[in-house]
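The values are calculated or read from the model by the stated rules, or taken from the named source; none is laboratory data. Computed from a prediction, not measured in an experiment: that's the story for all the values here. A quick note on method: Cβ atoms are made from the backbone with ideal geometry, for glycine too, and the neighbour counts reach across all protein chains shown.
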Amino acid sequence: MKRYLATVAYDGTNFFGWQKQNGFRTVQEELEVSLSALFHVKTFCYGASRTDRGVHALCQKAVFDAETTIPAEKIPLAIIKYLPDDISVLDCRVVDSEFNPRFEVKQKTYRYTIYNSEFRNPTRRNYTEFVRDKLDIEKMQEAAKAFLGEHDFKGFCSAHTSAKTTVRTIYDISVSKDNENEISIYVTGNGFLYNMVRIIAGTLIFAGMGKIDPEKMPEIIKSGDRTKAGKTAGPEGLCLVDAQL
């Protein structure tokens, strides 16, 4: 029996998140069904990140144990016929039998994409947050600087978080305009609290609208008061784009 580490990409639109839930379609369950069909035995997998309903991933890390003659590098090709169209295994390799991606991933990068226009774009509705108010990207960039470094992000997580500590470190954060209508926020950190990136995105949207003064952002973070931050932006604009071991 060997342990394998896979990089998994998925379109989260029609999933109730990564983690298995009774009666709901999840990425973990679909991947386990496909692995079980490939290896002809019940196979379980465990991911590095518990992405929420509607959230996408380009670089989810997942491990599974299997006895197979298929070379690790061939597993992504072998499993294609068993996977639904909204999941893909991009690569695979053998790792130590005790390897756990939840603890081995050193940093993650999320991208949050905003569609900023007077009118909606139906083709982008599952991958962006639609904002009609014109956003001032310079104010968003200024506000983003306050998140860099180690902070207590108590005011930037869901009240239902089960984390033992709300202190996290942001290594990098940027706000850029990709084209005429789309703005991307990239956030890299050592870990993220429940809804943390979506609340950061919602807060930067408020800064771009002029509802939050960028100069007040350090004070807002330090306060730990969720009501002083912005809204929780929708899940559809969020994508896990990198997970470094």
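Residue pairs whose Cβ atoms lie under 7 Å apart, sitting 6 or more positions apart in sequence or on different chains, and linking a residue in the range 43-67 that is outside the structural domain of Val94 (by TED's automatic domain parsing) and among the β-branched types (Val, Ile, Thr) to a partner that is crowded, with 18+ Cβ neighbours inside 10 Å and assigned to a loop (DSSP other than H, G, I, E, B), do not occur here. If you check Ala159 against the conditions, is it in the same structural domain as Arg120 (by TED's automatic domain parsing) and under 23 Å from Asn116 (Cα atoms)? It is false that Ala159 is in the same structural domain as Arg120 (by TED's automatic domain parsing) and under 23 Å from Asn116 (Cα atoms). Filtering the range 75-99 to residues that are more than 25 Å from the chain's Cα centre (by Cα) and within 17 Å of Met1 (Cα to Cα) leaves Asp96, Ser97. From the residues in the range 10-25 that are in contact (Cβ under 8 Å) with a residue 40 or more places away in the chain and part of a loop (DSSP other than H, G, I, E, B), which one is farthest from Gly54 (Cα to Cα)? Ranking the candidates gives Trp18 first. Considering the range 182-216, the residues that are more than 19 Å from Phe130 (Cβ to Cβ) and among the acidic types (Asp, Glu) include one that is surrounded by the fewest Cβ atoms within 10 Å (Cβ to Cβ), namely Glu215. Of the listed requirements (1) crowded, with 20+ Cβ neighbours inside 10 Å; (2) under 25 Å from Ala62 (Cα atoms), Met140 misses just one: (2). Scanning the range 196-223 for residues that are farther than 13 Å from His151 by Cβ, among the small types (Gly, Ala, Ser) and either under 21 Å from the mean Cα position of the chain (by Cα) or not in a loop (DSSP other than H, G, I, E, B) (or both) yields Ala201, Gly202, Ala207, Gly208. Can you name the residue in the range 133-149 that is within 20 Å of the chain's Cα centre (by Cα) and not in a loop (DSSP other than H, G, I, E, B) and, of all such residues, is nearest to Phe206 (Cα to Cα)? Filtering the range 133-149 for residues that are within 20 Å of the chain's Cα centre (by Cα) and not in a loop (DSSP other than H, G, I, E, B), the one nearest to Phe206 (Cα to Cα) comes out as Ala144. The residues listed here are Thr109, Thr161, Thr123, Thr113; of these, the one that is part of a helix (DSSP H, G or I) and either within 25 Å of Asn179 (Cα to Cα) or modelled with pLDDT under 95 (or both) is Thr123.
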